[in-house]
Every structure is written in structure tokens, then in C-alpha cells.
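Structure first, commentary second.
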Amino acid sequence: MRSLVYVFTSALALAAAHPAMAEGKLTVYTYESFTSEWGPGPQVEKAFEAECGCDLEFVSVADGVALLSRVKLEGASTKADIVLGLDTNLTAEAKATGLFAPHGAASNDVKVPGDWKDDIFVPYDYGYFAVVYDTEKLKNPPKSLKELVEGNPEEKIAIQDPRTSTPGLGLLLWVKSVYGDKAPEAWAKLKGRVLTVTPGWSEAYGLFTKGEAPMVLSYTTSPAYHMVAENTERYQAAPFEEGHYVQIEVAGITTTGAKNPLAEKFMAFMTGPGFQDVVPETNWMLPAGKTDKPLNPAFDKLVKPAKTLLFSADEVAANRKAWVDEWLGVMSK
Amino acid sequence: MTTTGEAVRLDRVVFSYADTMVRFDVTFDEGKVTAIMGPSGAGKSTLLNLVAGFEQPREGRILVGGKDVTGSDPSSRPVSMVFQENNLFGHLDVAKNVGLGRSPALRLTAADRSDVDDALARVGLGGMANRLPRELSGGERQRVALARVLVRDRPVLLLDEPFASLGPALRDDMLELLMSVQAERGMTVLFVTHQPEDARKVAENMVFVEAGTISANGKTTDFFGDSGPEAFRRYIGSERG
Amino acid sequence: MQLSRRDPRIAAGILALAAIGILIGGAFLGLGVEAWRNPEGAYAAFDSYLFRVARFTLWQALLSTLLSVAPAILVARALSRHPEFPGRQLILRLFAVPLALPAIVAALGILSLYGRAGYFAGALGGLSGGSWPGIYGLSGILVAHVFFNLPLATRLLLEALQTVPGDQWRLASQLGMGARASFRLIEWPAMRAALPGIAGLVFMLCVTSFTIVLTLGGGPAATTLEVAIYQALRFDFDPARAVSLTLLQIALTAVVVLALMRLGANTAGEANLSVTRRSFISARPVEKSFNAAIILIALAFVGGPMIATVASGLEADLARLAGEASVRRATFTSIVLASLSATLACALSLSLVMARRALAVSRGAGEASLLERFTDTGAGFVLVVPPVVVGAGWFVLVRQSIDVFALAPFMVIAVNAVMAMPFAVRAIRPAHDAAAERHERICAQLGIGGWNRLRLIDWPVLRRPLATAFAFAMALSLGDLGVIALFGSDAVQTLPYLLLSRMGSYRTADAAGLALLLGLLCLALTMIADRLGKERPR
């Protein structure tokens, strides 16, 4: 047993002992896919450490929701200087904790759809939700949310559960923003087309690529992955006339981080090319700030929504539970 | 290793289990073989279990050699017991099964090992030390159990129908062996059996257990004589059927 | 039979219960303190929707249990009557693999066969007239649960059957007992003693099913309490609600499991020294082909989705995957964590099994004490405490005092060990109790107790069932992830973790390759465990 304890402690020590580059350390909490080997994390870390001559440490939890829970649990004693990876549906709740401090002028360089602005949180990337379809299975993809709702129930779509997943909540808000009070009726119709409601994005996307459903709820950027990494144009996003609901991912400085000068520095770095160049082909989202390199041509082929749909963070916070219950009421009949 | 028997006394013992209740108040003479007979379910095995410590009396005391052993562990009582079945551990060889009688941790000195060999030779199993129980016949397995009794060297021996599953010739051999061992060691032996001939052959004394209590107690010869207890005669009769 | 009251076996059992109690109790304490500040969620949880969820949870779990356990009786019996069946050993090893597969991998494997685009979609569509709608809905949930639990129940029932002494088989064939008579007189009594426990286990696994129910259920009408608990903790962070839902889940499960216990009498069969080598069971040709058919059908059902998983795994770039440092690291971490949890699970289970036996013996015919009940069915209820609850509870409890990262690997080991314990108990108990029945008096008489008894008497008899228990515990630990959702730590990047994270970033082929790797790893570990469990050749 002792030797195994040793294995663990040494593994932990290795994980913790980043090249001790003197001059301060910055701790950033984020979600796992950000820090995974093909995510933006490794490149961002290298670039920022070279720039600041400091030690950047990422701490990752399962996803954006777990991120907020974790910060809430740690309270004012949190080790995080920066929390990176919340989305605009979570910012109201995050603000309410009082654990975040206003940023400087970092968001000046940032441009996201709907001109989303905030004195505490700074966007670093965004993506539009979209129905992605298999061109080999579906010849006439829906051209609007209305067509999706009213279309042939034999042509199925895999969606996610708004209770457990971000895209699931995204679709719920999308339908709400288009149909308003008529949303329950729309869901009642769409229900017949839903193959199944999965707990997370991975399961639904897995069913889609397996050929179980010709459509899946994902992002406009999804086809870019298939074009860049797999060199295929088989999977495409369907542009919807009513517009697309947007997901904006943001970062904020905690009250702990407000005392660390590196935090402001990182926020400035985050909105600049050193970070933004990495985002598209690692996080498969659209950059919110300035890039140096042109985007991969595949990104030019992506759907560019005619209209951006977005509820304010406060509206979402105030109504999420009621809207999810409404959805449940229709869908579980 | 010369055992001398010790008297076994059940002093107004009351024991109950589920719906059955037994009462025993009896003394077994030291150094003697006492046969315990009686119909099935009368409480013969319970009597042995009480002496061995597998069961605890609700009331009364159990004394061995005048010492109160009520409540003490089965292994700390001056008692060995041989059952009808399951005396041996199937995965341990003969020598180890016997050696357990000397050390429950099976840490045997050279002297212990030679005692084990002697005991095996004594019961006629010399050279079988490395066999597994499944390689032995039923009679041989009971001989192993007897060898362990020798190695354990306790003043009281309880036998719960140990030869019931053996054939007549084999049973006679075993009884011979038992008698000669008993003559050497002078153990007090309590011998539960269903066979009147067995009792006649080896037991000087006899008790008859009926409906959870001892209904007759005396010399074996008296039991089989004309003035034997009525219940016993009925029992023999029904046994002979 | 009255034996020593100071039995070290009972002490070991109390110690094991205490360890489990601390793990679960600590989690509830952590969440309870948090819930205290904001208790209204506890009442708000109970509405009509919850009632429907609870009803569906129990209904699907009951059906899944029935459909898993009833066929398992036939399969276990067939396997036990044909020790020479070709590939029997391999079949038994394969039966440990489903437990190690993450739910989504199994779901995709099943859909490869029975889904809308599955291999059988054409044939099934032809049968049903029109295009095959897939197995989404209750049927899909049931198929997946049977896929997981039929092999489990089969192996555990087989373990119970193997306690039947060889003499009885010989007797049966000598008396000319046919298949039906020997089932009724020998096999059924042996299985019946173990059945309530096994059914209870399967039931609990199905109650807590999460990914399977959502993915294959077709919509939120198919939702389990576990989903609601997960939602309460992860999305709403409402500990009060999570705690009250967990307590509800435990209470409902307890009602059903206790009813199951009542249905099957927990009879301990008469066990004699097995002096003969396991002897040939004579089966007539008709029965032989029937049994072979049963085994083959079960194998096809369990093996089908596995083959599909292997097929899609082979399409991945396996050579590249195997060369990746992160894959090697994750494999190593998985092996270390799984072996440690399996070892701990076996130690806990053995302590509980020994204590239960000692307590049952010392009480004689009286009522079982609370302690005995806890060492028996009681401890099994840990299965319905969601790992996410244990993880979150401990996180809340220790975050102020300890570096939570340092704790993560120990949490994973402890939680997986405790969750695997009920399985290990089922695997160990029949053999242990049968051996104890034979050895109890002679051990008491000779004063063989404590360490000596474990070393000389119990260990040789328990090697094989312990190996089964170890293999199962390891398979379970290999597949599980729930506990560390909040912790996050580099020290616990296991294979399933890597698999899900590749799946979450479009790398479906990599994920399929890792699933294959995970299955092979599980198979290899099972084989090693089997080898260790073999009786030493003489």
C-alpha cells in the first residue's frame, strides 16, 4: 500500500510541479475538454507562460456547470484567479455569488453576436446552435425551425436533455425565443420527430454519426471539424430562417484573482491573437477576439446565421426552471 | 502422553433450541466408556454438543474433572470430538489434518511431527501422511480423525455416531481400535450410537436418552439383561423391527 | 450453535461496516450541512412529476430484473451441467466484460444491432412491416439492462450452483434423476438461496441506471430518480433536494428488495464435505441440445453488441492510439485504480460475509440482529447512493481542510470499492457459507480461529470465488466515473474518462478504439484473476 501511496503522491507532485518559472503563478479553473491534449489548453499555456514569464496552472472539472458549482462550493477561499468556461446562461447565477470582480477594459477587443457586454465576464469564443444533418441520409433538410417542428416525423433528430446538458438548454431557449408562449405546442409537434433525448452532447452526436438519426442538435461549427480533421463534407449544418441561438463562452476574474496582477494580464492575452488563433481548431468555436492568422477556409463554408437569438442572462436565470418544467410537461406525456 | 480420564458432570442442565427443550442431570464416570442410546431426536447429540461447548445451557453447569467449564470455548475444554462426517478439511492432507490437533496455526515442531507420524501409525495409516481426504475410504477418514484425537491428547472423547456409515467388518475394526486406544489412554468416552452391539462391545456404562432427558442410567450388562428398562427394551425391539 | 462471542470475524465485519458508514455518512453529512442553509429544496422536490419518475424507475427496474434473472437461471444451469462445453471458460470471462463498458459504449453496441440503422434493422423492419423504428423506449432500456445484468446474474448463480457437493450430482445421476428432477431437487434449492440477493443486486443496478435510460428511453418520459438527483446536484446545485431524492431512492429500493427477500427463503442447504472430485453429470441428448441452445442464445445476445463494439473499435487507428502517451498513462492509471478498489472491495466483502456467518451461527434460531442484517442486505444499499452524491458530499466536507486533488484518487478507490462490494459479497458468500457450515464445529473444537482460520481453512476454499469477486469488482471499477465530477484531477484520468472526453470532442473513432482497449483490458484482468484463483496443482 505504501508504494502505491507513493505512486499517487508522486503523480500528484508531477501534476502540480509545473516548470517553476519564478515570478508568480496564475490559477485558472476551466472545463476538461479545454485542457485535454487536443484542446486549446496546452498551446494557450505555452504561449502565455512565454509572454508573462510566470506559471499558468489549469484546474479542470467536468463542464461549465460543474465549474460554477465548484467555485460556489469553494466560496471566497477559492484558489482560482480566473474562471474560464461559463456560458451566458450561467453568468447571472455566477454574479449572484459575489465571488467575481469587475474586469478592466479587456472586453474592448471583443466582438460577439448580439453585442453581448458585461462588466465582469469577458467572452473568449462563441458558437451558434444548429441542426447538423447527414447529407447522405437527408436530401431536404429543414430550412427553418418551423420546418423542423412540422416536418416528416420519420426523419428523426437526436437532442439533448436541458436538465443535464448545455446544448439541450440551448435548443429549449431557441424554441422559446422563436415560439414564445406557443413553445409547448411546438414541442408537442417536434416530439414525434425526436429519436431520443440524451444526457449530453456526446451521446447524441454518437447516435448521429452511427447513423441512428439523420439530424442532431449541435453547432454551426461542427461541420468544420469533419472538413478539417476528416476531410469530408458529408455533415452539414442547416441554416434556419428564424435565426440561430448563440452560445457565448466567457471568463471572469474572481475576488481572489483581483489581488493577482497576472489575472488582468491573462484576460488581455485571452482576447488577443495568442489565444484567439488557437480557439477555432481546438475548441471548435468561433473566436471572439482578434486573430493573427486567417481562419481555416473550412470556417468560411459554415452557416452564417441571418439573425442571432439570445436571451439576457437575467431572463434565463429567472425563467430557466419554469421553462424546463414546461418542456418536461410536454415531453414526458 | 498418557491421558487419564476425567469425570464429566452435567449439573441440572437445561437447554432449549427453537421448540425443543432438554434437561440433563448426570455424571459420567472417569476413564469409562459410556454408550448413549435413544431414539432419533431425543437429544443425544445435544448432550455431546453441550459437553463440547457447541451449545450453551440456559441453566445449570457442566463440569469436567470437577472443574466448571460452562461458558468456556470449545477449544479450551479438555474434550475431543469425532463427528459422523466432516471431521477433515478437504484441501489439507492427512498429516496436516492431524497436525491441526496439536497446533491450530499448523506450526509444528519436529517432535510434533513425529507424534503425528506415530499417531498415524497407531491407527494403521502409516505412509498415508500426504494423501488428501478425498483419496481415502470412509473408514480411513475416521481413522485420521482418531489419530488427531491421539495427538490432541485430551481426557474426554466424545463420539457422535462416528462409525455409522461404515460396514460391519470395518466397524468392528474401528471399535477394536477405539478400545485399544482407550485402554492405553484411559479416556472418558461418551459414545452416541444406534447399534446395540457396539454398546455391548465397548461400553461398560450406558444411558438412555428419551424425549430430551435421561430416562435410564446404569451398567450396559444390566440394560441388556432381563431387568433392563422397559423403554430401552421397546427401543431395541423397534430397532430390530 | 453457540460459539465464541469475541469472534474476530465479527470485529472485522464491524470494521468494514464502519468504513462503509463513514464513506456514505460523510457524504450525507457534507451535503446535509450545505442543505441546512437552504432546506426548502427538500420539500419542493416532491411533486406529481417526481411521483411519475419514481413509478417509472421502479417499473423499469422490476421488469429488467425479471428479464435478466429468469433467463440467467437457465443459462447458469446449462453451464453448470456442461463443464466440458467448448469455450465455457471464455464465455464466463466474456460475461464479466459488459460491466466494464461505459453505458454509452454498450448502448451504441446494442444499437449497432437493433437500432434504426442496426444490422438487424432490415430484418426487423420486414417483420414489423415498414421501417424499423429502433428500440427506443422501454424496450431499449430493457435490452440494455439485460445485456448488463444477464451475464452478471448468470455468473453469480453459477457460483451458487458450484457449492452443490459432487456427491449430490453422483447421487442424482445414480438415482436416474432427469433434468427436471435434478433441477427441482438439487439445482433450484441451491440457486433459490442466492436468488433474492442476486435479484436485489440487479434491481438496484437498474434503479440507478442513468445514461442508458436517457439515451435509449426515447424522451424524458423515461427518467429515473438518478437523473433527478444528478440534475439537482450538477445543474441546480441544490443539496437539500439531492439528499431528499437520494433518501427517497433508498427507501423505495429498500421496500422492493425486502419484498424480494421475503419471496425467496434464505435457506442454507445441508453441506457436506465434498470428498469426490466433481463428477460427470449425465444429461440426455435432448437436454444436451436444449442446454447448448440456451448457452448459445445467451452468448449471441451478450456477445452481439460486444462484437459490434470490437468491429467499430477495429476501424480506429489502434496503432496510433496505443502509441499515445495519454492512452498509456490512462491504461496504467485504470489498472492501478481498479486493482486497488477490487482488493479493497474483496477485503470489505470477506469481512462482511464472515461476520454475517459468525453472527448467524451464534444466534441460533433466534431473530437476526440489526448488525447481522446490516452485514447482509443492509450494506448492499450503498448501490443506490449515487456516486455523484458521495463525491459531492465529500467535496463539500473536506474542501476547507484538505487539498481536494490529493483526495480524488482515494475517493475513486473507496467509492468504487464500496460500490463493487455488494457484487463481491454475492460471489463469495455461497462458497464461504458452505465451507463454514462444514468447518465450524471442527474449527471451534481445535481452536482454529482468526488469522489461522483465514490462512489455513478459509483461504484455500475461497480462492476461486474471491477471484470471481475480484474480477467483477475490477470490471465495475474500470467503467465508473461518477464520483469525480466535481473534483477533477490529473491523477484519475482513467481509460473511460479518456474515452468520453474523446467522444465529447468529435473523436468518435478514437473513442471506439478505446472501448475496444477497455474491453480487452477487462478480459485480460479477468483471466489473470481466474488464474490466481485456480487451486494450486498438487
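The values are calculated or read from the model by the stated rules, or taken from the named source; none is laboratory data. Keep in mind it's a predicted model, so treat the numbers as computed, not measured. Using ideal geometry, Cβ is built from the backbone for each residue, glycine included, and neighbour counts are taken over all protein chains shown. Ligands, DNA and RNA are excluded from the accessible area calculation, which covers all protein heavy atoms including side chains. Shrake-Rupley method; radii C 1.70, N 1.55, O 1.52, S 1.80 Å.
Per-residue 3J(HN,Hα) values for the range B:222-237, derived from phi via the Karplus relation 6.51 cos²θ - 1.76 cosθ + 1.60 with θ = phi - 60°, read 5, 4, 8, x, 5, 8, x, x, 4, 4, 5, 5, 4, 4, 4, x Hz in sequence order (x marks Gly and Pro).
For peptide B:83-95, compute the average count of partner chain beta-carbon atoms within 10 Å of each residue's beta-carbon. Before the final figure, lay out each step's value.
Numbers: counts 3, 0, 4, 10, 5, 5, 11, 8, 10, 3, 1, 0, 0.
Taking the mean over all residues of the peptide, I get 5.
The calculated FRET efficiency for C:Leu520 paired with A:Lys137, based on their beta-carbon distance and R0 = 22 Å, is about 0.10. Distance between the modelled labels on C:Leu314 and C:Ser139, one decimal in nanometres: 2.9 nm (7 Å Cα→Cβ projection).
The mean number of Cβ atoms from other chains found within 10 Å of a Cβ in peptide C:224-237 is 4, as a whole number.
For B:Lys32, the amide hydrogen comes within under 5 Å of the amide hydrogens of B:Val189, counting only partners 5 or more places away or on other chains and with H modelled in the peptide plane.
Between chain C and chain A, the total buried accessible area stands at approximately 5300 Å², from heavy atoms with a 1.4 Å probe.
Given a Förster distance of 30 Å, report the FRET efficiency between B:Asp68 and B:Ser114 from their Cβ-Cβ distance, rounded to the nearest 0.05. Don't jump to the answer; show the numbers that get you there.
Values: r = 35 Å, r/R0 = 1.18.
That gives a FRET efficiency of 0.25.
Rounded, prolate or oblate: which fits chain B, taking a ≥ b ≥ c as square roots of the Cα gyration tensor eigenvalues, rounded meaning a/c under 1.5, else prolate when a/b beats b/c? Prolate shape, in that a/c is at least 1.5 and a/b is the bigger ratio. Per residue, the protein assembly as shown exposes an accessible area of 38 Å² to a 1.4 Å probe, with every protein chain left in place. Taking amide H as placed 1.01 Å from N in the peptide plane, A:Leu195 has its amide H under 5 Å from the amide H of A:Ile157, A:Ala158, A:Ile159, each at least 5 places away in sequence or on another chain. Phi-derived couplings, Karplus 6.51 cos²θ - 1.76 cosθ + 1.60 at θ = phi - 60°, listed residue by residue for the range B:97-112: 4, 6, x, 4, x, 9, 9, x, 9, 6, 9, 10, 7, 4, 5, 4 Hz, with x used for Gly and Pro.
I'd like the FRET efficiency for C:Ala259 and B:Ala18, computed as 1/(1 + (r/R0)^6) with the beta carbon distance as r and R0 of 30 Å, rounded to 0.05. List each step's numbers first, then the result.
Values: r = 26 Å, r/R0 = 0.86.
Step by step, r from the Cβ atoms, then E = 0.70.
Of the trypsin sites (Lys or Arg not before Pro) found in the range A:278-326, those that fall in a DSSP loop while having at most 14 other beta-carbon atoms within 10 Å are A:Lys290, A:Lys301, A:Lys307.
Check each of the GluC sites (Glu not before Pro) in the range A:52-121 and keep only those in coil by DSSP with at most 10 other C-beta atoms within 10 angstrom; list them in order. Provide the component values of the computation, followed by the final result.
On the way: sites: A:Glu57, A:Glu74, A:Glu93; in loops: none.
The qualifying sites: there are none.
Each peptide in B:118-126, C:215-223 was scored by the mean count of other Cβ atoms within 10 Å over its residues; highest first, the order is C:215-223, B:118-126.
Here is what passes the span test in chain C: the DSSP H helices with alpha carbon length of 15 Å or more along the helix axis and a Kyte-Doolittle mean of 1.6 or above are C:8-36, C:103-114, C:239-263, C:387-398.
Taking the alpha carbon gyration tensor of the protein assembly as shown, what are the square roots of 5 times its eigenvalues, largest first, to the nearest whole Å?
Numbers: eigenvalues 966, 182, 128 Å².
Semi-axes from the Cα gyration tensor: 69, 30, 25 Å.
Note on A:Lys265: lysines with a C-alpha under 20 Å away, same-chain residues under 8 apart excluded, are A:Lys25, A:Lys46, A:Lys79, A:Lys111, A:Lys117, A:Lys290. Measuring only protein heavy atoms, the 1.4 Å probe finds B:Ser76 accessible over about 80 Å².
Largest first, the residues A:Tyr179, A:Tyr133 sort by 1.4 Å accessible area into A:Tyr179, A:Tyr133.
Remark: the range B:45-50, residue by residue, has Karplus-estimated 3J(HN,Hα) of 5, 4, 4, 5, 4, 5 Hz, where x stands for each Gly or Pro and the curve is 6.51 cos²θ - 1.76 cosθ + 1.60 at θ = phi - 60°.
Taking a straight line from the alpha carbon of A:Lys321, these lysines sit under 16 Å away, with near neighbours fewer than eight places off in the same chain left out: A:Lys176. Between the amide H of A:Tyr126 and those of A:Glu249, A:Leu286, A:Ala288, distances stay under 5 Å, these residues lying 5 or more places away or on another chain, with hydrogens modeled in the peptide plane. Apply the a/c threshold of 1.5 to the C-alpha gyration tensor of chain A and tell me whether it is rounded, prolate or oblate. The shape class here is prolate.
Sort A:Ser77, C:Ser209 from largest to smallest accessible area, using a 1.4 Å probe on the heavy atoms of the protein chains.
Numbers: A:Ser77 75, C:Ser209 15 Å².
Final ranking, largest accessible area leading: A:Ser77, C:Ser209.
Under the simplified labelling scheme, the C:Arg180-C:Ile297 pair shows an inter-label distance of 1.8 nm, with each label point 7 Å from Cα along Cα→Cβ. For a straight C-alpha distance cut-off of 22 angstrom, the lysines reachable from A:Lys210 (same-chain residues fewer than eight places away being disregarded) are A:Lys137, A:Lys139, A:Lys156, A:Lys191.
Under the shape rule built on the C-alpha gyration tensor, where the axes satisfy a ≥ b ≥ c, the range C:52-313 is oblate, since a/c reaches at least 1.5 while a/b does not exceed b/c. Note on C:Phe237: accessible area approximately 30 square angstrom, rounded to 10, probe 1.4 Å, nucleic acids and ligands left out.
The label-point distance for B:Lys219 and C:Leu29, in a model that sets each label 7 Å from Cα toward Cβ, rounds to 7.5 nm.
Sorting C:Thr246, B:Thr109 on solvent-accessible area from highest to lowest, probe radius 1.4 Å, gives B:Thr109, C:Thr246.
Ordering C:Leu63, C:Thr215, C:Pro189 by the projection of their Cα atoms onto the charge dipole of the range C:52-313, which places +1 on the Cβ of Lys and Arg and -1 on the Cβ of Asp and Glu, puts C:Pro189 at the extreme positive end.
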